[in-house]
1. Give me the net charge of Ala26's neighbourhood, meaning all other residues with Cβ under 11 Å from the Cβ of Ala26; Lys, Arg count +1, Asp, Glu -1.
2. 222 nm [θ] for the chain, helices only, -39500 (n - 2.57) per DSSP H run of 4+, per residue, to 500?
3. With a 10 Å Cβ neighbour count serving as the proxy for reagent exposure, in which order, fewest first, do Ser81, Ser61 appear?
4. To the nearest 20 debye, what is the magnitude of the charge dipole of the stretch 4-86 about its Cα centre, counting +1 on the Cβ of each Lys and Arg and -1 on the Cβ of each Asp and Glu?
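Just so it is clear, none of the values below were taken in a lab; they were calculated from the coordinates. Since we're looking at a predicted model, the values are computed, not measured. Every residue, glycine among them, receives a Cβ derived from its backbone with ideal geometry; neighbour counts consider all protein chains shown.
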Amino acid sequence: MIPIDDLLLGAAAVFVVLAIVVLYRAIRGPTMQDRVIAVNVLGTNTVVILALLAAALDVPSFLDIALVYALLNFLVAVAISKFTVDRGGVM
C-alpha cells in the first residue's frame, strides 16, 4: 500500500505539470480573457500545491501561505478584469 505522504506528493507533482501546461495558455493566449483565466488557474494550482505540500510534509505554515496567496490571487484577478473592462478589451 502506498503511504499517504507519497500519494500527496504525487498529486502535488501532477498539479505542477498541469500548471506548466496552463503556463503556455497564459503566455500564448489569443485574447486577454484567456490570459486572465490562465493566470487565475495558475494561482489556484499554486494554492492547491501548497496545501498538498503542507499535508504531506506536515508543515502547517504552508497553509497560511496558501491562504494569503489565495486572497492575493482573487484580488489580482479582479484588478486585471476591471482593467480589461475599463480599456474596452471585453467584446
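1. With Lys, Arg at +1 and Asp, Glu at -1, the neighbours total +2.
2. -30000 deg cm²/dmol
3. Listing Ser81, Ser61 from fewest to most nearby Cβ atoms yields Ser61, Ser81.
4. 440 debye
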